[in-house]
1. Running a GNM on chain B with Cα contacts under 10 Å, which residue among B:38, B:129, B:28 ends up with the highest mean-square fluctuation?
2. Could you compute the net charge surrounding residue A:5? Neighbours are other residues with a C-beta less than 15 Å from the C-beta of residue A:5; K and R count +1, D and E count -1.
3. With r as the distance between the Cβ atoms of residue B:88 and residue B:65 and R0 = 22 Å, compute the FRET efficiency 1/(1 + (r/R0)^6) and round to 0.05.
4. With charges only on Cβ, +1 for K and R and -1 for D and E, what is the dipole size of the protein assembly as shown about its Cα centre, in debye, rounded to 20?
5. Taking neighbour counts of Cβ atoms within 10 Å as a proxy for exposure, in what order, fewest first, do B:90, A:35 appear?
6. Per DSSP helix of 4 or more residues, -39500 (n - 2.57); summed, then divided by the residues of chain B. What does that give at 222 nm, rounded to the nearest 500?
7. Given 37 °C and 0.692 mPa s, how large is the Stokes-Einstein diffusion coefficient of chain A in µm²/s, with Rh as the Kirkwood radius over Cα pairs?
8. At a Förster radius of 22 Å, what calculated FRET efficiency corresponds to the Cβ-Cβ distance of residue B:46 and residue B:121, to the nearest 0.05?
Amino acid sequence: MKNRLKVLRAERDWSQQDLADRLDVSRQSVNAIEKGRYDPSLPLAFKIADVFDLAIEQIFTNPRLERE
Amino acid sequence: MWKAYLQRRRACYRDPAHGRYVRRLAVAMLLYLVVLFAVKRLLPLDDMQGPLLWIAAALPGIPVAAVFFLIVRYIVELRDEYRRLLEVRKTLVATGVTMTIASIWGTMELLAHASHLPTLYIPVIWYLAQGIGEFVNMVLERRGEAA
């Protein structure tokens with residue numbers, strides 16, 4: 001699933017480790033999510049949205065829209 | 001490749017579940033050694049027979065079996081869900097490898113008179129096969145494949 005994590009991190013000048021610390025996950029998790037290798041669970045997606053103070057759909061691209 | 005692998009290992013160590021797992025594993029292994037020593041040195045196994053001998057002989061196997069429950073508990077307690085997924089995949093690979101070896105060796109024993117493989121080797125093979133699982137994880141991560 002595509003997402004805007006890298007851009008959002010860059011806007012805040014956060015490293016992957018900074019974001020990982022805020023989410024209480026490993027840096028590898030952030031890397032896997034950011035590169036679209038791993039789709040986070042709904043609770044983690046909400047946590048990510050909370051950290052960036054955005055809605056989930058402002059961070060993650062709806063897979064249906066991705067295909068269109 | 002190795003840099004990413006080592007970074008992942010370090011990240012794993014930060015999860016409190018890993019520390020708990022290592023401590024519990026150390027206790028289980030210590031128990032195994034103590035029970036094995038006690039059964040072999042303190043009990044008259046040669047003079048024992050029947051159910052009492054079976055129970056005494058089975059005792060050292062209990063701490064070995066406990067290791068599998070500790071691994072399950074470790075996976076459940078992991079806070080990092082991506083790390084949990086990697087651990088589950090590693091465990092599934094190890095199970096697949098072990099069952100493949102057991103199945104093939106079993107038919108070779110039956111049909112080709114291959115030397116008997118003691119069943120105590122099966123958990124040892126499974127534990128070693130976790131290394132293959134770790135390698136599979138490393139390769140898939142390196143190739144950037146979706147988990």
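Each reported figure results from applying straightforward, stated rules to the coordinates on display, with no laboratory input. Predicted, not measured: the structure shown is a model, and the values here were computed from it. Here Cβ is always computed from backbone atoms with ideal geometry, including for glycine, and neighbour counts include all displayed protein chains.
1. Answer for the Gaussian network model of chain B: B:38.
2. Neighbourhood net charge equals +1.
3. Details: r = 20 Å, r/R0 = 0.91.
For residue B:65 and residue B:88, the calculated efficiency is 0.65.
4. With Lys and Arg at +1 and Asp and Glu at -1, about 460 debye.
5. Details: B:90 21, A:35 14.
In order of increasing Cβ crowding within 10 Å: A:35, B:90.
6. Values: 6 runs with 115 residues, N = 147.
About -27000 deg cm²/dmol.
7. On the way: Rh = 11.9 Å.
After rounding, the answer is 275 µm²/s.
8. On the way: r = 24 Å, r/R0 = 1.10.
For residue B:46 and residue B:121, the calculated efficiency is 0.35.
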